[in-house]
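One structure is given here, and the rest of the page talks about it.
A short reminder: the numbers here are calculations on the coordinates, not readings from a lab. Quick caveat: nothing in here was measured; it's all calculated off a predicted structure. Quick reminder, even Gly has a Cβ in these numbers, built from the backbone with ideal geometry, and neighbours come from all protein chains shown.
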């Protein structure tokens, strides 16, 4: 990525639509109503041969106080100051408004490079607005239609000289790198054959973590505290976050991609189209994640919606960590913790043994424990058990508790093997799989969880049949060829 491009402008001028077109995916929520986008969303933009970081920002508001609109404006102003290029977007059909003129002055003072784009410019109805845009003093406006993809070549031509300048700067400022040779490491006693439990987590493939929960549980505040900066919009209002925002961080030298999701209310209460889109965006984040952090409110933990979210993560096969937020305001912490653990074991038996961590997103207390719990859950999620150990364990389990014998015929468990990880999946071969009841399957799954140290992670048990098959079962009775040859070719049944 040679440079960063921030899309700025009034609400509902088409910034998120252009963002989706540049990244080639429907990442940002798009709706007819203004003010849908609230947080800064980053993506990898592609335009012809150009590769850059594109930033979708909230619509510029005139509010400057601590209201929600004022906080949104501060985030956008920070993006303007940090971005290499700002694309100031207007609604060509609406023309230049007094708000556009105000923010054009702000961009002239605070932005490094400004390009002017007149969006929704398809058709002759936009001609008047394009002519008005010349009066802003930001150069010739680029005529665009983000929805229909018109004007992308003109945008490419405007970005090309800026991209070349930033590419030269990146090459000029690139630091020299020293490569450590293997011989040097061997002299220091490094063992190259030693297994690395974090080998799968690299900068190219970071650990995917989704933070989910009910509205106003403190998800965005928690992610901001992990980042060490106010990157996400927060406040006392419930439902501030709408998009599932992904952020790349190195948390204690572990590359991670953290998804901050919108609060999920009960399905019956979600009636507006925009909230449905937000919840759907959060559900997709759960499906893409490897570890799901379910954030609870210490004052009202384990409500029915929390249980539904936890059940969703388990059904999707994701590693789960339960974090209880707002622990800094809890008075009877020991009693509350015992109550939480008892409720967890009782209400979420499918996640028995999953990490339960108390945190304070406001003060940062407990983040070290949360970090360790995420890595442990990821390790368990990737765990593999050798087949020999599995079958020794299976023999001991069947001796301690023999399988059922429906109809007086004992089900024979032949062998077990692990077919997959992420989450761990096991295949059990037995004589009559359809007769093996759920209680015995739970007995085996709980045993796997306990004896092989796989707490909390979803475990999949697939039962397959392998009965005694007689190779001559469906063949007609006949005299073997060797016997016929020895007896001669006389009539069947005698000499």
Could you check the simple spin-label distance between residue 122 and residue 109, using points 7 Å along Cα→Cβ, in nm with one decimal?
-> 3.8
Contact order normalised by residue count of the stretch 387-465, Cα under 8 Å, 6+ apart, percent | 29
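Report the convex hull volume per residue for the stretch 286-436, counting only C-alpha atoms, in Å³. Let's see the in-between values first.
Details: hull volume 22.8 nm³, N = 151.
Looking at the stretch 286-436, the number lands at 151 Å³ per residue.
Using r as the Cβ-Cβ distance of residue 81 and residue 412, and R0 as 60 Å, what FRET efficiency do you calculate, to the nearest 0.05? Walk me through the intermediate numbers first.
Details: r = 71 Å, r/R0 = 1.18.
Working from the Cβ atoms, E equals 0.25.
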Over the stretch 387-465, one equal point on each Cα, no solvent: what is log10 I(q)/I(0) by the Debye formula at q = 0.12, 0.15, 0.21 Å⁻¹?
-> -0.31, -0.48, -0.96
Segment residue 311-residue 203, length gained on full extension (0.36 nm per residue, minus Cα span) = 35.8 nm
Label-point separation (nm) for residue 157 and residue 376, each offset 7 Å from Cα along Cα-to-Cβ?
-> 6.1
Show me 328-337, 155-164, 204-213 ranked by packing, highest mean number of other Cβ atoms within 10 Å first.
-> 204-213, 155-164, 328-337
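What FRET efficiency comes out for the pair residue 388/residue 165, r = Cβ-Cβ distance, R0 = 51 Å, nearest 0.05? Can you show the working numbers first?
Numbers: r = 62 Å, r/R0 = 1.21.
With a Förster radius of 51 Å, E is 0.25.
In what order do 16, 67, 431 fall by count of nearby beta-carbon atoms within 10 Å, going from fewest to most? Before the final figure, lay out the partial values.
Numbers: 16 24, 67 13, 431 17.
By the 10 Å Cβ count, ascending: 67, 431, 16.
May I ask you to sort 259, 426 by Cβ crowding, counting other Cβ atoms within 10 Å and putting the fewest first?
Working: 259 25, 426 20.
Fewest to most other Cβ atoms nearby, the residues stand as 426, 259.
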What FRET efficiency would be calculated for the residue pair residue 365, residue 250, taking the C-beta separation as r and a Förster radius of 25 Å, to the nearest 0.05?
-> 0.70
Put a dot 7 Å past each Cα toward the Cβ at residue 304 and residue 150; how far apart are the dots in nm?
-> 5.1
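Residue 446 to residue 461: extension gain in nm, 0.36 nm per residue of separation minus the Cα-Cα distance? Don't skip to the answer; put the middle values down first.
Numbers: separation 15, 0.36 × 15 = 5.40 nm, distance 1.10 nm.
4.3 nm is the gain from fully extending residue 446 to residue 461.
If you rank 430, 86 by fewest surrounding Cβ atoms within 10 Å, what's the result?
Working: 430 20, 86 26.
So the residues, fewest neighbours to most, are 430, 86.
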